[in-house]
Amino acid sequence: MKKQSQYVSKQADRNGIINWSAAENNRWKRLYDRQIKLLDGRACNQYMDGIKLLGMTSNRIPQLNDINTVLRKTTGWKTSSVPALINFTDFFTLLANKEFPVATFIRSEQEFDYLQEPDIFHEIFGHCPLLTNPAFAHFTHTYGKLGLAASKEDRVYLARLYWFTVEFGLLNTPEGLRIYGGGILSSPGETIHALESSQAERLPLTPLDAMRTPYRIDIMQPLYYVLEQADDLDSLADTDLMRLVKQAKQLGLYAAKFAAKVS
């Protein structure tokens, strides 16, 4: 997970406040305004409810203290400021302690439309609204505890499950297919592609299949897994996921639905 980043996270002052520049707040505003319009009728209700609970607006980059106040009240979570990139052990440790890692930098103008590593817009806008929901929070907490105790090899299988749920998951609702994965919710291109592209495959989520499915982080996803209902994440958290990891290792990976990355 950890590699070299061109970004440096900003440090909070003694009162826990990060002093964002006018240019950085303007970048947040443009990202927020563009994406919130796209998500109308595309994001799941649980996400939109979370946006309201957090009091998130386009006016400025939210302060982590304000986000934490709401998360603690709703699900007992909080955010934790981290450097631009952290390793798997640090990542799982934070989740196991109900702390969601937030890299406190915002993307540059040059990477405004697409950024491979997570910035504060991806983490706060993409993920934090759903951490106000008990089912999503429970699953993320369980994932962190399992990952912290898992071997390096087993973590790779758990990472695939996280990718196809928390990052790139879709949800069936009475109103139709909706988005709950933060990697989609924070990306305009992926938002349209995930729901509307005829090139994308959408399959019912089974955790064993997700663990066996290769993915790439630098392309539009060719495959999405769909939850039947939001509370399924609650029951998924109570499944013996490590038993499924063992099965996935025995069965092996599915054939990739994308070309190999050219280095």
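The values are calculated or read from the model by the stated rules, or taken from the named source; none is laboratory data. Only a predicted model underlies this, so the values are computations on that prediction, with no experimental measurement involved. Note: ideal-geometry Cβ built from the backbone for every residue, glycine included; neighbour counts use all protein chains shown.
Things worth noting here:
- Unique match (being of a type in the set (A, V, I, L, M), closer than 30 Å to Lys152 by Cβ and within 18 Å of the chain's Cα centre (by Cα)) among Leu31, Leu94: Leu94
- Test: residue in region 67-87 that is free of Cβ contacts under 8 Å to residues at least 40 places away in the same chain and outside any helix (DSSP H, G or I): yes
- Listed conditions (1) in a loop (DSSP other than H, G, I, E, B); (2) surrounded by fewer than 20 Cβ atoms within 10 Å (Cβ to Cβ); (3) in contact with a helix residue (DSSP H, G or I) (Cβ under 7 Å, 6 or more places away or on another chain); (4) not charged (D, E, K, R) are all met by Leu53, apart from (1).
- For region 120-158, the set of residues classified as in contact with a Phe, Trp or Tyr (Cβ under 9 Å, 6 or more places away or on another chain) and outside any helix (DSSP H, G or I) consists of Asn133, Ala150, listed by residue number.
- Tyr225 meets the conditions (1) of a type in the set (Phe, Trp, Tyr); (2) part of a loop (DSSP other than H, G, I, E, B); (3) under 27 Å from Asn45 (Cβ atoms) in every case but one. The failed one is (2).
- When region 82-106 is filtered for residues that are farther than 20 Å from His141 by Cβ and either surrounded by fewer than 21 Cβ atoms within 10 Å (Cβ to Cβ) or aromatic (Phe, Trp, Tyr) (or both), the ones remaining, listed by number, are Pro83, Ala84, Leu85, Phe105.
- Number of residues in region 88-119 that are in contact (Cβ under 8 Å) with a residue 24 or more places away in the chain and either part of a strand (DSSP E or B) or in contact with a helix residue (DSSP H, G or I) (Cβ under 8 Å, 6 or more places away or on another chain) (or both) equals 21.
- Residue in region 162-178 that is of a type in the set (S, T, N, Q), modelled with pLDDT of 95 or more, on the phi < 0 side of the Ramachandran plot and buried (at least 19 other Cβ atoms within 10 Å of the Cβ) present: yes
- Those residues of region 179-207 which are among the aliphatic types (A, V, I, L, M), in a helix (DSSP H, G or I) and surrounded by 18 or more Cβ atoms within 10 Å (Cβ to Cβ), in sequence order: Ile184, Leu185, Ala194, Leu195
- Within region 11-38, the residues that satisfy the criterion of being assigned to a helix (DSSP H, G or I) and without any contact (Cβ under 8 Å) to a residue 24 or more places away in the chain are Ala22, Ala23, Asn26, Ile36, Lys37.
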